[in-house]
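Data block below; observations after.
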Amino acid sequence: MNELRIVIVEDEPATARNLSHLLRAADNFIRISANLSSVDESVRWFAANPHNYDLVFMDIRLSDGVSFDIFKNAEILKPVIFVTAYNDYALQAFRNNGIDYVLKPFDEEDISRALRKYRSLTALRDHDGVNAKLVTSQLIDQLTQLTRSYKKSFLIHFREKLIPVEVSKIGWFYTANEVAYACTMDGKQLAVEFTMEQIEQQVDPQLFFRANRQFIINRTAILEANFYFNGRLSVKVKPEAPERILISKARVPLFKAWMNS
């Protein structure tokens, strides 16, 4: 078996040492090419060493930012296994993407499994031309969504006051006459100083769904969805909306998948 050159990107020295130890214990052919502890250091190293490694173990959160920033400033041509403290069911899907993640705190079996996945990917790439860079890019997109920060509250101007309104207490957003409104669960409708497009980017897509151009709805406000003309759905929410909330035929599958998630 050929030597496997590994780069570790981890800002916690004890974790980096433990990972190095477990890697060597799992595979006698492993050599640690570099231990990197920050985004800046990693960008410089990968720029200077584009081919001097085979695999990267990379923590998501580093002392000077998130590891996704490394990919914006340096080209990483080899597979990446992410080291993360995020314990979320959505992470299970990443194991189907050809590369893997290791959840902290990890043990030798976690490392061995990840290495087996890497070797499977390498064999598949050699035979079928799998693009490891593309697979890594797809995983980064998913992890970015998972770790992205969304608004916890909106600061709303109401009767000469600024009122913080928790996003989780907003049943739906609505736009009329080019003004966006937030309707709270207790029925207050408050003007929001953002467009619907800006609101959509700032709220958690696990909690809110863009039903149509006029409405963004909170899943906890949905009472029921009824079949409507031409394959559409009519969604009933509480508090009651000022007009019927319709989901187009094209967006119905997305809505169903969202409600089932």
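Straight-line cross-link partners of K188 among the lysines, defined as a Cα under 20 Å from its Cα and at least 8 positions apart when in the same chain: K151, K152, K161, K169, K236, K238. Solvent-accessible surface (1.4 Å probe) assigned to F229 amounts to roughly 140 Å².
State, as an integer percentage, the relative contact order of segment 154-260 based on alpha-carbon contacts under 8 Å between residues 6 or more apart. Could you put the intermediate results ahead of the total?
Numbers: 180 pairs, mean separation 21.3, N = 107.
Rounded, it is 20 percent for segment 154-260.
Overall dimensions of segment 154-260, expressed as equivalent-ellipsoid semi-axes from the Cα gyration tensor (√(5λ), whole Å, largest first), are 24, 13, 13.
The values are calculated or read from the model by the stated rules, or taken from the named source; none is laboratory data. Nothing here was measured: the structure is a model prediction, and the numbers come from that model. Heavy atoms of the whole protein, side chains included, go into the accessibility calculation; ligands, DNA and RNA do not. Shrake-Rupley method; radii C 1.70, N 1.55, O 1.52, S 1.80 Å.
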